[in-house]
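J.: Dropping a structure here in structure tokens format, bear with me for questions.
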Amino acid sequence: MSENFSISPGGEKFPLPKPEDYKEEFESLKKRVEEERSKNREIVVVMGVGFVGAVMAAIVADTVDSKGQPSKFVIGMQRPSVRSYWKIPLLNRGVSPVKAEDPEVEPMIKRCVTEKKTLIATYTYDVLQLADIVVVDVQCDYLKEELGNVSNGQTDMVALEASLHVIAENIPAEALVLIETTVAPGTTEQVAYPIMKKIFRNRGIESDPLLAHSYERVMPGRNYVASIRDFWRVCSGINEKARDRVVKFLNEVLNTEKYPLTVMDRPIESETAKIMENSYRATILAFLDEWSLFAERNGVDLIKVIKAIKVRPTHSNIIFPGPGIGGYCLPKDGGLGVWAYKHILGFDDNIFKITPLAININDTRGLHVGQLTRDALRNMGQPIASADILVLGAAYREDVGDTRYSGSEVVIRKLTEMGAEIRVHDPYVEHWWEFEQQDTFPAPGQSKARFFRNQEKLKDICIEPNLNKALNHAEAVIFAVPHKAYLHLDPDEVVRTIGQPAAIIDCFGILTDEKIRRYFQLGCEVKGLGRGHIQRIKEEVRKL
Ligand SMILES: NC(=O)c1ccc[n+]([C@@H]2O[C@H](COP(=O)([O-])OP(=O)(O)OC[C@H]3O[C@@H](n4cnc5c(N)ncnc54)[C@H](O)[C@@H]3O)[C@@H](O)[C@H]2O)c1
């Protein structure tokens, strides 16, 4: 990638802005903002137009007042890095910089940019000088040093701290700064406030920065927009004024009539709420891992057990974990909490047992799929080394194209380490950057490749868009994600397309007992996470 260009996922090349472009860009922004203010529109700068920021920016830009008139003018601000600059020119054309399964995303961004003209994007930090409100949606990562040990990782808040510096240097004293980034508890008061206060003081501003926190509960998938706009929010402010301002803003831009706000007294409380709700979810998923193994070893079908338990309303959110827990949030958020306790809040004892354990279990659950595949192939008289294995599903959950920290990645890395040849199908994913760019993605030196041997060839992994082609002559097929396209596959059809019996691995309780039986009748070997009853079905079929 040239250092002077930023290339969009579609392959379009955008030259990065030159130093002399900045002045002109800011002059034109100033003019535009003046016009918008004369229409009584509040100026909202959204920093970071990634997965969350781009859609949040559009939701704010879509806001109308009681007379149906747009009440906000939104400027998405994105640093002009080689990796991300392309998002700006795309947004300015009305094209969404994020690929979403939600049909509302594309038209909403287009409408706000080209019809309502309430949304633009820029690369210059100077735009912050024009803001009434700044919404911070930059990333805050958690870097793990080892597979299966979240506790010795580190919070990477470089991007967030850099953003806070530049915000404090530029904003008007009365601008509200709303941190939506998922942060380590304590960050708003103990990291953001001191950074901003010091800079304010140097600028001769006496008042406190108006800092607020409200976290995103956004869910990738078909209801992406609704998961931001039509969903409950928790918020807080660093003082009464900031709290009042954030409550007013969120009431204006979100559907809080139907989904009322929960207002907390202090930012550490809303920050903790975010980390705890995701740690809770990670924990109930991890809890199932040991019972999944128990089920496999004792003739129990965990899927039926879960169904039986779920009828109790108090236990209705018990969920089967599949081959690992991905998405951007659940694998890292607990880590932010454990890290903050030590490194922001200053304690040196170890109160966290369950939260890190849950993440460690979730991060390594995919390894077991390697063993099941190995055993199924062995039962068919084949070694796993050099076996052609098809993985169905790259995303971290069903019917989305988001591959971040997906269980399938660990499955594939383990199988590759064991010598298998991998092919992949996923109807929602075109490029699997975690493999294709494993030297630099998610960041240089941070790929999970470093936890396994023989990973080099995975750079050449291609997602095969045609399922029949993907199946052709596969020796093992792993149902790794319950995408709709995989739920109703007929065993006869699958085996016919493969051209021979194969090892079938069910990671998500996708296969009914009838299908499992049929695969055995067709000469296949079947294994599944948490599905100990498969052995019984096999014996029944073999007896006939
Ligand atoms: N994606 C999700 O599903 C999800 C769900 C809930 C919460 N969150 C939280 O939302 C936050 C943002 O996540 P995301 O998925 O949008 O991340 P992302 O990586 O897609 O987007 C972050 C954007 O910020 C930009 N950026 C970084 N530093 C900047 C700077 N100094 N100035 C301007 N722009 C800068 C990056 O280039 C990038 O475009 C995270 O804290 C995440 O934990 C995400």
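J.: List the number of the failed condition for VAL183; all other conditions in (1) open to solvent by 30 Å² or more (accessible area, probe 1.4 Å); (2) among the hydrophobic types (A, V, I, L, M, F, W, C); (3) within 12 Å of the ligand (Cβ to nearest atom); (4) in contact with a helix residue (DSSP H, G or I) (Cβ under 8 Å, 6 or more places away or on another chain) hold.
T.: The single condition VAL183 does not satisfy is (1).
J.: Of all residues in segment 168-180, which are within 12 Å of the ligand (Cβ to nearest atom) and under 16 Å from PHE249 (Cβ atoms)?
T.: The answer is ILE179, GLU180.
J.: Additional query: Which residue, of ALA443, ALA470, is assigned to a helix (DSSP H, G or I) and open to solvent by less than 50 Å² (accessible area, probe 1.4 Å)?
T.: Answer to the check: ALA470.
J.: Mind checking which residues of segment 473-487 are part of a loop (DSSP other than H, G, I, E, B) and either open to solvent by 10 Å² or more (accessible area, probe 1.4 Å) or within 24 Å of GLY327 (Cβ to Cβ) (or both)?
T.: HIS473, GLU475, ALA480, VAL481, PRO482, HIS483 - these are the residues of segment 473-487 that are part of a loop (DSSP other than H, G, I, E, B) and either open to solvent by 10 Å² or more (accessible area, probe 1.4 Å) or within 24 Å of GLY327 (Cβ to Cβ) (or both).
J.: Which residue, of VAL44, VAL49, is buried (at least 24 other Cβ atoms within 10 Å of the Cβ) and either over 30 Å from the mean Cα position of the chain (by Cα) or more than 11 Å from the ligand (Cβ to nearest atom) (or both)? Before the answer, list the steps.
T.: Details: VAL49 fails: either over 30 Å from the mean Cα position of the chain (by Cα) or more than 11 Å from the ligand (Cβ to nearest atom) (or both).
Criteria check complete, one pass: VAL44.
J.: With the requirement that a residue be within 22 Å of the chain's Cα centre (by Cα), modelled with pLDDT of 95 or more and either open to solvent by 20 Å² or more (accessible area, probe 1.4 Å) or more than 14 Å from the ligand (Cβ to nearest atom) (or both), what does segment 54-79 give you? Break it down stepwise before answering.
T.: As a first pass, look at segment 54-79 and keep what is within 22 Å of the chain's Cα centre (by Cα): 54-60, 76-79.
Within this subset, residues satisfying the condition of being modelled with pLDDT of 95 or more are 54-60, 76-77.
Residue satisfying the conditions is VAL60 alone.
J.: If ARG453 satisfies every condition in (1) open to solvent by 50 Å² or more (accessible area, probe 1.4 Å); (2) farther than 28 Å from PHE294 by Cα; (3) part of a helix (DSSP H, G or I); (4) not hydroxyl-bearing (Ser, Thr, Tyr) but one, which is the exception?
T.: Going through the list (1) open to solvent by 50 Å² or more (accessible area, probe 1.4 Å); (2) farther than 28 Å from PHE294 by Cα; (3) part of a helix (DSSP H, G or I); (4) not hydroxyl-bearing (Ser, Thr, Tyr), ARG453 breaks only (3).
J.: Let me ask something else about it. Kindly state which strands (runs of 3 or more DSSP E) lie completely within segment 6-88 and contain at least 2 residues that are under 29 Å from THR182 (Cβ atoms).
T.: Details: elements: 13-15, 42-47, 72-77.
Result: 42-47, 72-77.
J.: Considering only segment 115-139, state which residues are open to solvent by less than 10 Å² (accessible area, probe 1.4 Å) and outside any strand (DSSP E or B). Break it down stepwise before answering.
T.: Filtering segment 115-139 for residues open to solvent by less than 10 Å² (accessible area, probe 1.4 Å) gives 118-119, 121-122, 124, 127-128, 131, 133-136.
Result: THR118, THR124, VAL127, LEU128, ALA131.
J.: Does PRO97 fit the bill of being within 10 Å of the ligand (Cβ to nearest atom), touching a residue at least 24 places away in the same chain (Cβ under 8 Å) and either in a helix (DSSP H, G or I) or crowded, with 21+ Cβ neighbours inside 10 Å (or both)?
T.: Against the criterion (within 10 Å of the ligand (Cβ to nearest atom), touching a residue at least 24 places away in the same chain (Cβ under 8 Å) and either in a helix (DSSP H, G or I) or crowded, with 21+ Cβ neighbours inside 10 Å (or both)), PRO97 qualifies.
J.: If you don't mind, another one. How many of the residues making up segment 199-210 are more than 16 Å from the ligand (Cβ to nearest atom), surrounded by 12 or more Cβ atoms within 10 Å (Cβ to Cβ) and not in a loop (DSSP other than H, G, I, E, B)?
T.: 2
J.: Let me ask you something else. Taking the conditions exactly as written (of a type outside the set (D, E, K, R) and at pLDDT below 95), does LEU544 satisfy them or not?
T.: yes
J.: While we're here: Quick check on ARG222: is it surrounded by fewer than 18 Cβ atoms within 10 Å (Cβ to Cβ), under 21 Å from the mean Cα position of the chain (by Cα) and away from the ligand (no atom under 11 Å from the Cβ)?
T.: Working: surrounded by fewer than 18 Cβ atoms within 10 Å (Cβ to Cβ): yes; under 21 Å from the mean Cα position of the chain (by Cα): yes; away from the ligand (no atom under 11 Å from the Cβ): yes.
Criteria met by ARG222.
The values are calculated or read from the model by the stated rules, or taken from the named source; none is laboratory data. Quantities reported herein were computed from a predicted structural model and do not represent experimental measurements. Ideal geometry is used to build each Cβ from the backbone, glycine not excepted, and the neighbour counts take in all protein chains shown. All accessible areas refer to the heavy atoms of the entire protein, side chains included, with ligands and DNA or RNA removed. Shrake-Rupley method; radii C 1.70, N 1.55, O 1.52, S 1.80 Å.
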